[in-house]
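Down below is the structure, laid out as structure tokens.
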Amino acid sequence: MLNWITRYAPVADLLLDGDGRLADSLLDVGSGSVGFACVGGDQPFVGIDVDFWGPPAPAMVPLRSVPGRLPFADRAFDTVISLDALEHVPPGEREGFVAEIARVAARRAVVVCPCDEAAGIDELMRRMYARRGEEAPGWLWEHAEHGLPTRAAVAAACAAPEGFAARELAMPNGLLSLLATVADTDPELQPLARAEVARRPGLWADLFRDSADPSSFRVGWVLERHDPAPAAVRRDDLLATTLAALRCPRCGGCAPWPERDGIGAIDLTHAWSCA
Ligand SMILES: [Zn+2]
């Protein structure tokens with residue numbers, strides 16, 4: 001959980017008001033089972049991913065989809081975020097991935113991912129797993145398979161969508177982020193890290209936020225629309241308005257037949273009648 005907070009703490013500052021409340025509708029692309037809930041607590045949001053490795057956080061409306069076009073109308077959500085997902089997209093599809101995030105955002109989008117300056121850290125993590133005689137997790141192999149994007153490539157992908165102004169978002173210090181990942185993944189440190197997060201969640205969010213540093217291996221961009229407008233999906237009627245904003249990623253017009261899967265996620269992988 002600590003390494004989740006390193007990613008989400010700077011984004012929480014942008015999205016939560018002084019009372020810790022989300023102002024409007026939020027889509028988290030590549031959320032996994034926790035996503036924004038690691039900093040947002042009970043604030044409702046929509047998470048979409050190709051896979052959930054555990055029960056989704058109670059605050060999340062979880063949608064299971066396939067890679068490619070997002071299954072939503074243009075400008076469906078006020079804010080769309082995607083943290084540490086871009087590096088799992090094949091290099092040739094990364095600009096299109098950011099364009100999709102921007103397309104479904106009515107006000108702003110936030111894109112965060114580790115850049116290729118983290119390649120040495122990935123190597124160190126692989127050696128840590130090897131020393132313990134364990135297989136490195138899939139996300140580490142995917143980093144190697146696709147190659148982490150350069151700082152310049154992330155900047156170019158975030159500058160590309162028309163109708164937006166892009167500005168850089170400083171992310172937490174690299175060493176601190178690495179230590180958080182080690183604490184989360186080392187079997188002996190894991191219980192301590194969990195207990196610490198449960199005891200003082202705000203402390204860790206503050207620590208990571210205060211360490212934000214433009215030289216971090218993790219790069220962040222905020223894309224703001226020149227003409228922001230209220231989104232169709234509303235925070236106060238999240239499930240119904242989300243279902244109404246669904247659009248077939250293939251034809252754009254056919255009706256979905258979503259079903260809940262075994263962990264309670266709304267399964268859109270076979271939900272479209274045109275398939
Ligand atoms: Zn269709």
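The values are calculated or read from the model by the stated rules, or taken from the named source; none is laboratory data. All values derive from a computational prediction rather than experimental measurement. So basically every Cβ, Gly included, is an ideal-geometry build from the backbone, and we count neighbours across all protein chains shown.
Run residue 94 past the list (1) in contact with a Pro (Cβ under 7 Å, 6 or more places away or on another chain); (2) of a type outside the set (A, V, I, L, M, F, W, C); (3) farther than 28 Å from residue 173 by Cβ and report the number of the one that doesn't hold.
(3)
Could you please tell me which pairs satisfy a Cβ distance under 7 Å, a separation of 6+ or placement on different chains, a first residue in the stretch 12-24 that is over 15 Å from residue 208 (Cβ atoms) and crowded, with 16+ Cβ neighbours inside 10 Å, and a second residue that is aromatic (Phe, Trp, Tyr) and at pLDDT 90 or above?
Here the result reads 22/45, each pair linking the stretch 12-24 to a residue that is aromatic (Phe, Trp, Tyr) and at pLDDT 90 or above.
Would you mind telling me which numbered condition in (1) closer than 15 Å to residue 26 by Cα; (2) surrounded by fewer than 19 Cβ atoms within 10 Å (Cβ to Cβ); (3) in contact (Cβ under 8 Å) with a residue 12 or more places away in the chain; (4) not hydroxyl-bearing (Ser, Thr, Tyr) residue 236 fails?
Answer for residue 236: the failing condition is (3).
Does residue 70 satisfy being aliphatic (A, V, I, L, M), under 16 Å from the mean Cα position of the chain (by Cα), assigned to a loop (DSSP other than H, G, I, E, B) and within 14 Å of residue 243 (Cα to Cα)?
Yes.
What helices (runs of 4 or more DSSP H) completely inside the stretch 76-157 contain at least 2 residues that are modelled with pLDDT under 95 and surrounded by 14 or more Cβ atoms within 10 Å (Cβ to Cβ)? Show your work before the answer.
Values: elements: 94-103, 119-131, 138-146.
Those helices (runs of 4 or more DSSP H) span 119-131, 138-146.
Taking residue 19 as the residue in question, decide whether it is part of a loop (DSSP other than H, G, I, E, B) and in contact with a helix residue (DSSP H, G or I) (Cβ under 6 Å, 6 or more places away or on another chain). Explain how you work it out, then say what you get.
Numbers: part of a loop (DSSP other than H, G, I, E, B): yes; in contact with a helix residue (DSSP H, G or I) (Cβ under 6 Å, 6 or more places away or on another chain): no.
Against the criterion (part of a loop (DSSP other than H, G, I, E, B) and in contact with a helix residue (DSSP H, G or I) (Cβ under 6 Å, 6 or more places away or on another chain)), residue 19 does not qualify.
Within the stretch 215-231, identify whether any single residue is touching a residue at least 24 places away in the same chain (Cβ under 8 Å), surrounded by fewer than 14 Cβ atoms within 10 Å (Cβ to Cβ) and farther than 20 Å from residue 23 by Cα, and answer yes or no.
Among the residues of the stretch 215-231, at least one is touching a residue at least 24 places away in the same chain (Cβ under 8 Å), surrounded by fewer than 14 Cβ atoms within 10 Å (Cβ to Cβ) and farther than 20 Å from residue 23 by Cα, which makes the answer yes.
Of all residues in the stretch 25-36 being out of contact with any Lys or Arg (no Cβ under 7 Å at 6 or more places or on another chain) and of a type outside the set (A, V, I, L, M), which is surrounded by the fewest Cβ atoms within 10 Å (Cβ to Cβ)? Let's see the steps before the verdict.
First pass over the stretch 25-36, keeping only residues out of contact with any Lys or Arg (no Cβ under 7 Å at 6 or more places or on another chain): 26-36.
Okay, now just the ones that are also of a type outside the set (A, V, I, L, M), so 28, 30-33, 35-36.
Working: 28: 28, 30: 21, 31: 26, 32: 23, 33: 18, 35: 31, 36: 29.
Going through the qualifying residues, I end up with 33.
Filtering the stretch 231-263 down to residues that are among the basic types (Lys, Arg) and within 16 Å of the ligand (Cβ to nearest atom), which residue is farthest from residue 59 (Cα to Cα)? Spell out the reasoning first.
Step one: list which residues in the stretch 231-263 are among the basic types (Lys, Arg), which gives 234-235, 247, 250, 260.
Restricting the remaining residues to those that are within 16 Å of the ligand (Cβ to nearest atom) gives 247, 250.
On the way: 247: 23, 250: 29 Å.
Out of the qualifying residues, it is 250.
Restricting to the stretch 264-275, and then to whatever is closer than 16 Å to residue 46 by Cβ and assigned to a loop (DSSP other than H, G, I, E, B), can you tell me which residue is nearest to the ligand (Cβ to nearest atom)? Spell out how you get there, then give the answer.
From the stretch 264-275, those closer than 16 Å to residue 46 by Cβ are 264-268, 271; that's our starting set.
With the extra rule that they be assigned to a loop (DSSP other than H, G, I, E, B), the set shrinks to 264-265, 268, 271.
Working: 264: 25, 265: 20, 268: 11, 271: 9 Å.
The qualifying residue nearest to the ligand (Cβ to nearest atom) is 271.
For (1) under 30 Å from residue 233 (Cα atoms); (2) touching a Gly at 6+ places or on another chain (Cβ under 8 Å); (3) of a type in the set (A, V, I, L, M), each residue gets a yes or a no:
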site	(1), (2), (3)
110	yes, yes, yes
127	no, no, no
131	no, no, no
134	no, no, no
153	no, no, yes
168	yes, yes, no
175	no, no, yes
184	no, no, no
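Restricting the stretch 194-225 to residues that are assigned to a strand (DSSP E or B) and at pLDDT 90 or above, which is farthest from residue 102 (Cα to Cα)?
Keep residues of the stretch 194-225 that are assigned to a strand (DSSP E or B), which gives 213, 218-225.
Those still in the list that are at pLDDT 90 or above too: 218-225.
Values: 218: 20, 219: 17, 220: 14, 221: 12, 222: 10, 223: 8, 224: 9, 225: 9 Å.
Result: 218.
Here are some residues: 49, 17. Which one is within 12 Å of the chain's Cα centre (by Cα), of a type in the set (Asp, Glu) and either at pLDDT below 95 or under 18 Å from residue 111 (Cβ atoms) (or both)? Before the answer, list the steps.
Working: 17 fails: within 12 Å of the chain's Cα centre (by Cα).
Checking each option against the conditions leaves just 49.
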